[in-house]
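The values are calculated or read from the model by the stated rules, or taken from the named source; none is laboratory data. Bear in mind the structure is a predicted one, so any value in this text is a computation, not a measurement. Neighbour counts run over all protein chains shown; Cβ positions are idealised from the backbone, glycine included. Accessible surface areas use protein heavy atoms only, side chains included; no ligands, DNA or RNA. Shrake-Rupley method; radii C 1.70, N 1.55, O 1.52, S 1.80 Å.
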Amino acid sequence: TESVLSIFLASPSDVADERIRLMDAIDEWNKTWARNLGIRLEVICWEDDAYPGIGVDAQDVINQQLPQDYDLFIGIMWTRFGTPTLRAESGTAEEFARAVDAHRSAPGSTEIFFYFKDTPISPSKLDADQHFKVQTFKRSLKDEGVLYWDFADIEQFEKLVTLHITRHVQSWRHRHHAEPARISTASRPASTDVVFAPLSSSAPDDEDEGLLDLVEAFEERIADVTQILDRLTEAPTALPPKPTPPTAALLAPQTAPDGIS
């Protein structure tokens, strides 16, 4: 059984590389953690989830087709603000406004991450009006109570978003009292002397552990096991040598050679 946390991805077209990198990072996160934690991340984006249709405008079609009960909204901007809709200055701005409404109507149901790419661009490719709108929108986030994050390049973006998503999952598991993953010792032979302590021996049962704490504890257990195996491997060399059993030739009765009495 897995819990699915859905992530709505919104951005203008000039951060297409960051969108792809984010999807790759989430795929990697799922490969690393989904099986162990019973939690899978799912990205909602118009590229994969929208299909041809008709509405008041194109953004209205997307709004109707894409799920709106997601757990996390991730917005990314650089120099473009996007194409205006009949309801907002851009599709990304409209999607952000819907996420804010969802968060305020049910606090804790929808979290919001917003990232701004802070990298120079060639003047010939810069649309001054679009860039001005991005900067105006960025300043308005403070009034909305949104803590946003700047990044300098795509590698830094991947590291930041992976860390922040992991923290989001930690918070979600804590709120839902999810049982932290533990190392099972049920299959150990009864005669073994290897004893595994719980990953958390002092924390209350209802206190959730973070993913980073689990990783650290797991690595400590692996180190303990490795040390024990090394000792078991070296044990036979420490034992005294066994006595050499007598050979058949030594135990056989002695007989005289032919012709000798």
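Structure notes:
- When the range 29-60 is filtered for residues that are within 31 Å of the chain's Cα centre (by Cα), closer than 18 Å to THR92 by Cβ and open to solvent by less than 40 Å² (accessible area, probe 1.4 Å), the ones remaining, listed by number, are VAL43, ILE44, CYS45, ALA50, GLN59.
- Residue satisfying all of: in the range 117-156; among the aromatic types (Phe, Trp, Tyr) and free of Cβ contacts under 8 Å to residues at least 40 places away in the same chain; surrounded by the most Cβ atoms within 10 Å (Cβ to Cβ) among these: PHE151
- Of note, GLY82 does not satisfy the criterion of being in contact with a strand residue (DSSP E or B) (Cβ under 8 Å, 6 or more places away or on another chain) and surrounded by 21 or more Cβ atoms within 10 Å (Cβ to Cβ).
- Test: ALA97 is small (Gly, Ala, Ser), surrounded by 15 or more Cβ atoms within 10 Å (Cβ to Cβ) and within 20 Å of PRO67 (Cβ to Cβ): no
- ALA99 within 21 Å of ALA50 (Cα to Cα), modelled with pLDDT of 95 or more and outside any loop (DSSP other than H, G, I, E, B): yes
- Test result for THR92, at negative phi, part of a loop (DSSP other than H, G, I, E, B) and modelled with pLDDT of 95 or more: no
- Test: residue in the range 31-48 that is more than 30 Å from LYS125 (Cα to Cα), touching a Gly at 6+ places or on another chain (Cβ under 8 Å) and touching a residue at least 60 places away in the same chain (Cβ under 8 Å): no
- Residue list for the range 89-119, filter: more than 21 Å from the chain's Cα centre (by Cα), charged (D, E, K, R) and farther than 17 Å from GLN130 by Cα: GLU95, ARG98, ASP101, ARG104
- Qualifying position, being more than 30 Å from ARG173 (Cβ to Cβ) and assigned to a loop (DSSP other than H, G, I, E, B), among PRO84, PRO67, PRO107: PRO84
- Evaluation of TRP46 against (1) out of contact with any strand residue (DSSP E or B) (no Cβ under 7 Å at 6 or more places or on another chain); (2) within 16 Å of ILE112 (Cβ to Cβ); (3) among the aromatic types (Phe, Trp, Tyr) (one fails), failing number: (2)
- In the range 110-135, the residues that are farther than 14 Å from MET77 by Cβ, touching a helix residue (DSSP H, G or I) at 6+ places or on another chain (Cβ under 7 Å) and not in a loop (DSSP other than H, G, I, E, B): GLU111
- Residues of the range 2-28 classified as open to solvent by 70 Å² or more (accessible area, probe 1.4 Å) and either without any contact (Cβ under 8 Å) to a residue 60 or more places away in the chain or of a type in the set (D, E, K, R) (or both), total: 7
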